Amino acid sequence: MTTEPKQGDLFYQVVKDGNDTVMLTVKLQNYRPRPKFINLRRQGRLLQSIPLRDDFAWFSQLAVGKYEIELQNAGTTSGKRIDIHIV
């Protein structure tokens with residue numbers, strides 16, 4: 001969980017979903033301004049971008065490694081970034 005004053009909370013959870021892979025879930029709570037997308041990056045490359053509808057997103061079949069969750073506002077404006085290490 002990360003908390004930003006005046007912005008809200010970001011919760012994430014990692015759950016095993018295969019022999020060598022995991023699923024990452026991301027939940028925003030009372031987060032303002034509300035981002036338009038939640039992006040997942042690895043080594044600077046965009047792996048997946050999910051439009052944010054219900055303050056919740058999930059990314060499945062992720063291998064061990066370093067990832068970055070990015071909250072993207074309207075257009076190409078990047079908001080908060082959170083580093084995650086999956087071991």
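The values are calculated or read from the model by the stated rules, or taken from the named source; none is laboratory data. In this text, all values refer to a predicted model and were calculated from it rather than measured experimentally. When we count neighbours, we look across all protein chains shown, and the Cβ atoms used for this are built from the backbone with ideal geometry, even at glycine.
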Inset, instruction - Considering only region 35-55, state which residues are surrounded by 14 or more Cβ atoms within 10 Å (Cβ to Cβ) and closer than 18 Å to residue 11 by Cα. - result: 35, 36, 37, 38, 39, 40, 41, 49, 50, 52, 55
Inset, instruction - Tell me which residues, restricted to region 26-40, are modelled with pLDDT under 95, part of a strand (DSSP E or B) and not polar (S, T, N, Q). - result: 26, 27, 28, 37, 38
Legend entry - Hits in region 69-87 (condition: within 17 Å of residue 36 (Cα to Cα), surrounded by fewer than 17 Cβ atoms within 10 Å (Cβ to Cβ), of a type in the set (D, E, K, R) and modelled with pLDDT of 85 or more): none
Inset, instruction - Within region 11-25, track down each residue that is assigned to a loop (DSSP other than H, G, I, E, B) and loosely packed, with under 11 Cβ neighbours inside 10 Å. - result: 19, 20
